[in-house]
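The values are calculated or read from the model by the stated rules, or taken from the named source; none is laboratory data. A quick note: this is a predicted structure, and the numbers were derived from the prediction, not measured. Positions of Cβ are generated from backbone atoms using ideal geometry, with glycine treated the same way; all protein chains shown enter the neighbour counts. Note: accessible area is taken over every heavy atom of the protein model, side chains too, but ligands, DNA and RNA are not part of it. Shrake-Rupley method; radii C 1.70, N 1.55, O 1.52, S 1.80 Å.
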Amino acid sequence: MPRTLTEKIIASHLAAGEMKPGAEIGIRIDQTLVHDATGQMAVLQFEALGKPRVTARRSVVYCDHNILQVTSHNADDHAFLRTAAARFGMVFSKVGNGICHQLNLERFGVPGETLLGADSHTTTGGALGALAIGAGGLDVAAAMGGRPFFLNMPRIMRISLTGALGPWATAKDAALEVLRRLTVSGGRGHVLEFAGEGLRGLSLTQRAVIANMSIETGAVTAVFPSDAATRAFLALQGRAGDWRELAADPGAGYSSEISIDLGALEPLAAAPHSPDNVRPVSELAGTRCDQVAIGSCTNSSFQDLMTAAAILKGRTVPPHVSLIVAPGSRQVYWELARRGALSDLIASGARVMEAACGFCNGVGQAPPSGGVSLRTSNRNFPGRSGTPSAGIYLVSPETAAASAIAGELADPRRLGDPPRVELPGSFRADDSMFVPPASEGEAGGVEIVRGPSIAPLPRFGPPPDSVEAPVMLALGDNVTTDDILPAGAHILALRANIPAISRYIFSNIEPDYHLRQKEAGAGFVIGGANYGQGSSREHAALAPRYLGLTGVIAESFARIHQANLCNFGLLPLVFLNPGDRGWILQGHTLRIEGLLSRLRAGGHFAILDETAGREFEVRVDASARQVEMLLAGGLLALAAASGD
Ligand code: MIC
Ligand code: SF4
């Protein structure tokens, strides 16, 4: 039977289950990725799983998020990650080397392989024809130790691309068009598989922009065929040997299909505060901006930054605009310098940062209060920039550069002919900031450095059989992990210390939430559809569990967050009748009797709202495997109990 590309990669990695849409499957993982915001927990959890050495073909730890060293926390974390990587057999990427997703494209990603990353934008690797999936740190730790990764067999949506991008229309505009069509939840349960003659005009890094933002639709990931563009990119990286041709079989069946005419796209922007709030730039033109930030894992490739530099060449930004540029990797940075583009950026008034996540995710460069920031990144959730009152617009590097010069949101088409950027004959492949692990013989002698930033892992036990607990918060649709555990440098610095970071749970909604939760002991959060969308940060499950939260009752969950809830023994409960959500209010007391037998039995059961004097029905949104974890108190507790 003809197969989609996704099905081919899954079939060649299938370790458990049947490839029936919606049914749980396990897949073998070839490569893993963690970074300095998720890696600390992943490594501590890998240790707790008791494996002496990583068995995935390649595992890399990147230092790219926590780059500010205002206190010793981040440097302590980096020392921990460096020594643990040496000991456990992982490659360590030093701070300054670049963003994990850009570096994975350049140096490690291989068509047809599986990559599991403790970061939601691991999907970027799909540009190379890999099945690249984001997950919580504990799932990645398990895969580092050779366990399969479990997910529900996705449905495959074909996105047919036709035509070619016109002048000033970009891959970012294509990614925003996908979001405009699918919204932040339309990709749920799907892999977005790209196909069609429109692919011919898209370079590898342009495909990467689209693959990167696929997670914003709620999709599992995106995958592109591995073709001549893939081969050309790998050859420029000196990795032609990693290329192989891959595509869906002709006549393969898809669960749905949409078609995008690249030729019809115009410059687009995602207006505050959601990536699917997409509008034509021409409609927003004239919005005064305070800050323009070019970079992040979405748009920091050579092609992106060279184009921005060419637009800025010979022009300067006005006094009220702060222009920030953060290259995606050292290779990109070096090439900008070699071509003189770095001087053009400096001359324009840009603040050029180190090769890292940079301004993204609230790690510095918070815009002014009530300000407007144009960013080439992928998320504009409230508060994510570090300034809750700021409005973030997501745009292409072309729109960003044109707007930086104008001092207001500007349609780049007004600049006349777009610049042409020629690729170099080859990229400089300097892997000297990747530190290889100690050999197996020497690894035992490597001492893992644990500075004061590294706290012991909290351990959890089985849930009680009867629960009486308050509704702590009643929230709406599309709650993000940035709402649950905000971004920001001061919070990110605490990623290796659950007791410390738990003080920030829901802090943008209620600064002292953590005190109320601790006092209540147990509790529930009520949510709407797509609860927990956005990042992969497992701290958004782990820290609430640490504070005593019992479960979340929602209309539906985002995939990664649902898995994280189960991994830490928090109940993911789904309303049978979504209408019930309206009358269950903050402060109501909920009661569940016989929880353990209800979990074992599966199906649905009633929860009594004692305050309202009414019952409502829920079902546990978990596979049989996940129910075992919930009964044990999480994956680590289950692994310890089963001696696995
Ligand atoms: C993000 O972009 O939100 C992050 C920071 O990269 C996260 C990872 C994290 O919060 O640990 C992600 O996307 O998964
Ligand atoms: Fe880093 Fe931002 Fe990309 Fe997350 S979205 S990996 S913080 S650049």
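A few notes on this one:
- Condition broken by Ala500, with the remaining ones in (1) assigned to a helix (DSSP H, G or I); (2) touching a Leu at 6+ places or on another chain (Cβ under 6 Å); (3) open to solvent by less than 10 Å² (accessible area, probe 1.4 Å); (4) hydrophobic (A, V, I, L, M, F, W, C) satisfied: (3)
- Looking only at residues in the range 341-363 that are in a loop (DSSP other than H, G, I, E, B), within 22 Å of Pro319 (Cα to Cα) and open to solvent by 20 Å² or more (accessible area, probe 1.4 Å), the one that is nearest to ligand 1 (Cβ to nearest atom) is Met353.
- Residue pairs whose Cβ atoms lie under 7 Å apart, separated by 6 or more positions or on different chains, with the first residue in the range 118-137 and of a type in the set (A, V, I, L, M, F, W, C) and within 12 Å of ligand 2 (Cβ to nearest atom) and the second open to solvent by less than 10 Å² (accessible area, probe 1.4 Å) and assigned to a helix (DSSP H, G or I), are Ala118/Gly39; Ala118/Ala42; Ala118/Gly137; Ala118/Val140.
- Within the range 429-448, the only residue that satisfies the criterion of being of a type in the set (Ser, Thr, Tyr) and either farther than 25 Å from Gly238 by Cα or assigned to a strand (DSSP E or B) (or both) is Ser439.
- Yes/no for Leu374 being part of a helix (DSSP H, G or I), under 25 Å from Leu105 (Cβ atoms) and either modelled with pLDDT of 95 or more or within 16 Å of ligand 1 (Cβ to nearest atom) (or both): no
- All told, Ile156 falls short of being buried (at least 24 other Cβ atoms within 10 Å of the Cβ) and closer than 27 Å to Ala326 by Cβ.
- Top-ranked residue in the range 384-430 [being open to solvent by less than 30 Å² (accessible area, probe 1.4 Å) and among the polar types (S, T, N, Q); ranked as nearest to Ser274 (Cα to Cα)]: Ser385
- Looking only at residues of the range 452-488 that are open to solvent by 30 Å² or more (accessible area, probe 1.4 Å) and charged (D, E, K, R), we find that the one that is farthest from Ala390 (Cα to Cα) is Asp465.
- Output for the range 9-29, where each listed residue is open to solvent by 40 Å² or more (accessible area, probe 1.4 Å) and either within 11 Å of Ile156 (Cβ to Cβ) or in a loop (DSSP other than H, G, I, E, B) (or both): Ser12, Gly17, Glu18, Met19, Lys20, Pro21, Gly22, Arg28
- All positions within the range 521-534 that are open to solvent by 10 Å² or more (accessible area, probe 1.4 Å) and either in contact with a helix residue (DSSP H, G or I) (Cβ under 6 Å, 6 or more places away or on another chain) or among the hydroxyl-bearing types (Ser, Thr, Tyr) (or both): Gly534
- Among the residues of the range 134-177, the ones that are in a helix (DSSP H, G or I) and closer than 21 Å to Thr307 by Cβ come to 7 in all.
- Scanning the range 287-306 for residues that are in a loop (DSSP other than H, G, I, E, B) and open to solvent by 10 Å² or more (accessible area, probe 1.4 Å) returns Thr287, Asp290, Cys297.
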